[in-house]
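Right, one structure below, let's go through it.
Nothing in this text is a laboratory measurement; each read-out follows from the coordinates by a stated rule. As the structure is a computational prediction, the values presented were derived from the model and not from experiment. Cβ atoms come from the backbone with ideal geometry, glycine included; neighbour counts cover every protein chain shown.
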């Protein structure tokens, strides 16, 4: 779905504000909606992902209580594309953390709640470790980097992600296969969803970035080992996980439960990697209630 189409769909019920923040690394595109305590939501790393595309369906509920800030992480959406040299010097998580803190500083945001899924979950963990004072509440949905897989790697979902832009390039069939591995019941996401996500994945600069990103991911042997410093997280933390996640599997939650000081876990049966979509109302209620109870 294009940016214009997303904005049109969301703004039927929620007013979305867009801006571009210039950082020392490159421009970061940010969508915002609502007022109140700040909730920064970081998207995952699938083809065509962006802040608004991953969370637009949740804005109507969450903006009743929060000023929701949706950055496009480096490489995605309307934000700048890290170069090969950038990815050689730093991991994608380190790049994102640096750019996101600069972005929040430019927006005048000091303390904030932070939520991240998958690749965005890795950035959220790293941000909470690097500057724990600033993160007042942390929500992680099957985050990367904070776990050690007990089964074969790459996982089924990771294989589909790597396969998408390789071979004969992206296609609607490949996108359908990708979505099928991300969710428990793909039938709830019809041909229109597949087509919209496919079209969002066709930006040439994003495709070029994705090839660089996958190559760098292989050189670094996966995500940063953020699990080594989970004890540095001081924010109260809510873990949300689909029992049937085939990308970052539920077993990974055990290390987080042992190492994060103030932590709780909610597991959804018959749910895959995209909790915010598959269990939308439960996701919105749990996030809002958890954060509302924090000092």
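Multiplying each eigenvalue of the alpha-carbon gyration tensor of region 80-196 by 5 and taking the square root yields semi-axes of 29, 18, 16 Å, largest first, rounded to whole angstroms. Each of 173, 232 was scored by other Cβ atoms within 10 Å of its Cβ. Arranged with the fewest first, they read 173, 232. Label separation (residue 234 vs residue 270): 4.3 nm, computed from points 7 Å beyond Cα along the C-beta direction.
Taking only the Cα atoms of the chain, the ratio Rg/Rh comes out at 0.92, with Rh defined as the Kirkwood radius.
For the pair residue 294 and residue 153, a Förster radius of 41 Å applied to the C-beta separation gives a FRET efficiency near 0.75, rounded to the nearest 0.05. Cα-based radius of gyration for region 61-130, normalised by 2.2 N^0.38 Å, reads 1.15. Cα centroid separation, region 127-182 to region 194-247: 4 Å. The calculated FRET efficiency for residue 133 paired with residue 191, based on their beta-carbon distance and R0 = 35 Å, is about 0.15.
Scaled to the globular estimate 2.2 N^0.38 Å, the Cα spread of region 244-295, given as radius of gyration, is 1.24.
Ordered by the number of other Cβ atoms lying within 10 Å of each residue's own Cβ, fewest first, 32, 199 fall into the sequence 199, 32. Contact order for the chain, expressed relative to its length and based on alpha carbon pairs under 8 Å spaced 6+ residues apart, stands at 19 percent.
Among 183, 20, 30, a tally of other beta-carbon atoms within 10 Å of each Cβ gives an order, fewest to most, of 20, 183, 30.
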